[in-house]
1. When the chain is treated as a GNM, springs tying every alpha-carbon pair under 10 Å, which of THR379, THR342, THR285 comes out with the largest mean-square fluctuation?
2. For region 133-194, what % of the accessible area comes from carbon and sulfur atoms, probe 1.4 Å?
3. Under a point spin-label approximation (7 Å from Cα along Cα-to-Cβ), what is the ARG169-PHE103 distance to one decimal in nm?
4. Report the charge-dipole magnitude of the chain in Debye, nearest 20, computed about the Cα centre from +1 at each Lys and Arg Cβ and -1 at each Asp and Glu Cβ.
5. What is the helix-to-structure angle for 110-119, meaning the angle in degrees between its Cα long axis and the longest Cα principal axis of the chain, kept from 0 to 90 and rounded to the nearest 10?
6. Give me the accessible area per residue for region 127-182, probe 1.4 Å, as a whole number in Å².
7. How about LYS284: which lysines have a C-alpha closer than 20 Å to its C-alpha, ignoring those fewer than 8 places off in the same chain?
8. From the Cα gyration tensor of region 177-230, with a ≥ b ≥ c the square roots of its eigenvalues, which class applies: rounded if a/c is under 1.5, or else prolate if a/b is larger than b/c, or else oblate?
Amino acid sequence: MGAVRVGVVGGSIAGCAGALAAARAVPEATVVVFERSGGELRDRGAGIGIQHERFAELVEAGFLDSSLPATPGHSRDWFTRDGVSADGGGDSGLGKRIWRQPFPFNAYNWGHLYRSLRGRLPGRVEFRGDARVVSVAACESGAGAGASVTVADGSVEHFDLLLGADGYRSVVREAMFPGVVPDYAGYLCWRGLSDFGELKELPQDSFFTVGFNHGHLVAYPIPADDGRRHFNWVLYSAVPPELTGNLNTATSIPPGAVSHAVLDFMDSLLTRELPAAWAAAIRKTARENVFIQPIYDFAAPAFAKNRMLLLGDAGAVSRPHAAAGTVKAMQDAASLLELWRTTSDLDELAARYDAARAPAGAAVTALARRIGAAQVLETPDWAAFGEAEFATWLGAQMQLPDGTEMGGRRL
């Protein structure tokens, strides 16, 4: 293919996976990653759930390491509040278990996964930190086809192919489709970590979901850096508009910056809606360590245009309910690598990549919207469910177009 130049905007998981795909597909290529952060990318300890078969596929494709620390999960316990105690204060303990769902997932620490993937980049990939791309321009035809990037320091570089892996506010996507931005879903989630070893009252061998009126809690243990297990929790709920302010324009609100009003609302929610053991488990996370994530989604009109390709959240943001964002980003890169090995024409590559990945992005976005509608915005009477009825209700949310799988490679 010759001395092709590949630019990657964004140096997180999608960017590292895309850079790895380019470097493997064209060993002689120049690959440059632009990452806006000047230091080591850090996560607040968020957990990543990956289904066993999907993980095995990504290991086989060379994007993940089979030795990555994990907490195994074989089932998912669904709980809800089960009534009122004698003192009128609500039930205690874990509440009513609605269903123990077969759930062949492992849970990973985002930081472990990112560092493993970043470490797979060959030394010839140039990873530039503190390099914020402020604009992108396409060169649509001729010998100079490709795209140029302008960095915050004023420098401009041209690439034969540009990968946009710069998240849901992607500057690459803005160049491809001006004005296409994610939509705020009307609710948010609180997130946090605590020491799972201190939570002896919780089941130790499962992932958990606790349903309540207009929301639910998702929680599971993940590996910590020191060998312990964190209790990783995500609490979804609709929030009164007067509390949200400009949350619909924020990526997330970090620990220490969440307003007291929003934290107070969370605390009252715990008391009012959750069984006592789950409320106590969340309160193990200090208020100043809680952060919030407004919920957005969208799917771009296409994943490729004028030799610019979108990977990960730049192309499609699905609500976290589908647990597909990180996996889909790596699957985007794995598909790109497979396609690149069968063609040396970059325009053909872009067209084939779009055909392969745009439907997947739309499908997972639609899936997560259905889950969000059913489990946050239009919640049922959770306690009224029997096991069989609940399984049917849940299964209806998971329906995908023919020929796709929940979280599967084609997604």
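The values are calculated or read from the model by the stated rules, or taken from the named source; none is laboratory data. Keep in mind that this is a model prediction, so the values were computed, not measured. Every residue, glycine as well, gets a Cβ built from its backbone with ideal geometry; the counts of neighbours run over all protein chains shown. The area values use the complete protein model at the heavy-atom level, side chains included, leaving out ligands, DNA and RNA. Shrake-Rupley method; radii C 1.70, N 1.55, O 1.52, S 1.80 Å.
1. Of THR379, THR342, THR285, the most mobile in the Gaussian network model is THR342.
2. Numbers: 1240 of 2360 Å².
Result for region 133-194: 52 percent of the exposed heavy-atom area is carbon or sulfur.
3. So the label points at ARG169 and PHE103 sit 3.2 nm apart.
4. Working: 38 positive and 46 negative charges, 64 e Å.
Dipole size: approximately 300 debye.
5. 20 degrees
6. Numbers: 2440 Å² over 56 residues.
About 43 Å² of surface per residue is accessible.
7. The reachable lysines, counting only those whose Cα sits under 20 Å from LYS284, are LYS200.
8. Details: a/c = 3.64, a/b = 1.80, b/c = 2.02.
Oblate, since a/c reaches 1.5 and b/c is not below a/b.
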